[in-house]
Amino acid sequence: QVQLVESGGGWAQPGGSLRLSCTPSKTIFTVGVMGWYRRAPGKQRELVADIRSFGSPNYAASVKGRFTISRDNADNTVYLHMNSLQPEDTAVYYCYADVKETFYSTYQEEWGQGTLVTVSP
């Protein structure tokens, strides 16, 4: 079973920056879309950003111009560069990916465990 391993969460001041990373636990056949969701306290989970294997990033309106999603197809790692952080960005961030493990596999959506980002003075 493929697992997604997240890192980079923690605390930042308003206006600060953090970088989240997510990578599969083992080598797989191919990976389609990868991205990040988040769940803020008292709110529904929402899409933050995602990106196709060839590029074409997509962002939530609330993070456009501040966050940048990117990926390295050599190791299927996806990154979320978060700049100009605001207290409203405080949430648990979840990595996801559409994964085809082997030539014989179908695509399945995999999720990370979540990493907490806290933005406060």
Q. Which residue, Gly42, Gly32, Gly65, tops the fluctuation ranking in a GNM of the chain built on C-alpha contacts under 10 Å?
A. Gly42
Q) Where does each of Ser62, Ser105 land when they are ordered by accessible area, with a 1.4 Å probe and the largest first? A) Ser62, Ser105
**Q.** Largest-first ordering by accessible area, 1.4 Å probe, given options Trp11, Trp111, Trp36
**A.** Trp11, Trp111, Trp36
**Q.** Alpha carbon centroid spacing (whole Å) that separates the range 39-60 from the range 71-113
**A.** 9 Å
Q: Could you please put Phe54, Phe29, Phe67, Phe103 in sequence from largest to smallest accessible area, using a 1.4 Å probe?
A: Phe54, Phe103, Phe29, Phe67
Q: Hey, can you find the accessible area per residue of the chain for me, probe 1.4 Å, expressed in square angstrom?
A: 54 Å²
Q) Taking springs between alpha-carbon atoms closer than 10 angstrom, which of Tyr37, Tyr94, Tyr104 fluctuates most in the Gaussian network model of the chain? A) Tyr104
Q) Relative to the Cα centre, what is the charge dipole magnitude of the chain, using +1 at the beta carbon of each Lys and Arg, -1 at the beta carbon of each Asp and Glu, and rounding to the nearest 20 debye? A) 220 debye
Q. Round to a whole number: what % of the accessible area of the range 1-109 belongs to carbon and sulfur, probe 1.4 Å?
A. 48 percent
Q: First check a/c for the range 54-115, with a ≥ b ≥ c the square roots of the eigenvalues of its C-alpha gyration tensor; if it is under 1.5, answer rounded, and if not, answer prolate when a/b is larger than b/c or oblate otherwise.
A: prolate
Q.
Taking 0.36 nm per residue of sequence separation and subtracting the Cα-Cα distance, how much length would be gained by fully extending the chain between Ser53 and Thr106, in nm to one decimal?
A. 17.4 nm
Q.
Explain nothing, just compute: Karplus ³J(HN,Hα) = 6.51 cos²θ - 1.76 cosθ + 1.60, θ = phi - 60°, for every residue of the range 32-42 in order, whole Hz, x for Gly and Pro.
A. x, 5, 10, x, 9, 10, 9, 10, 7, x, x
Q) Roughly how many Å² of Arg52 are accessible to a 1.4 Å probe, to the nearest 10? A) 90 Å²
Q) Using a ≥ b ≥ c from the Cα gyration tensor of the range 1-117 (square roots of the eigenvalues), is it rounded, prolate or oblate, where a/c under 1.5 gives rounded and otherwise the larger of a/b and b/c decides, a/b for prolate? A) prolate
Q) Just how large is the dipole of the range 62-121 about the Cα centre, in debye to the nearest 20, putting +1 at every Lys and Arg Cβ and -1 at every Asp and Glu Cβ? A) 220 debye
Q) Can you list the lysines whose alpha carbon is less than 16 Å from that of Lys26, not counting same-chain residues fewer than 8 positions off? A) Lys100
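The values are calculated or read from the model by the stated rules, or taken from the named source; none is laboratory data. Nothing here was measured: the structure is a model prediction, and the numbers come from that model. Because the Cβ atoms are built from the backbone with ideal geometry, glycine has one as well, and the counts that use them run over all protein chains shown. Quick note on the areas: whole protein, heavy atoms, side chains included, nothing else; ligands and nucleic acids left out. Shrake-Rupley method; radii C 1.70, N 1.55, O 1.52, S 1.80 Å.
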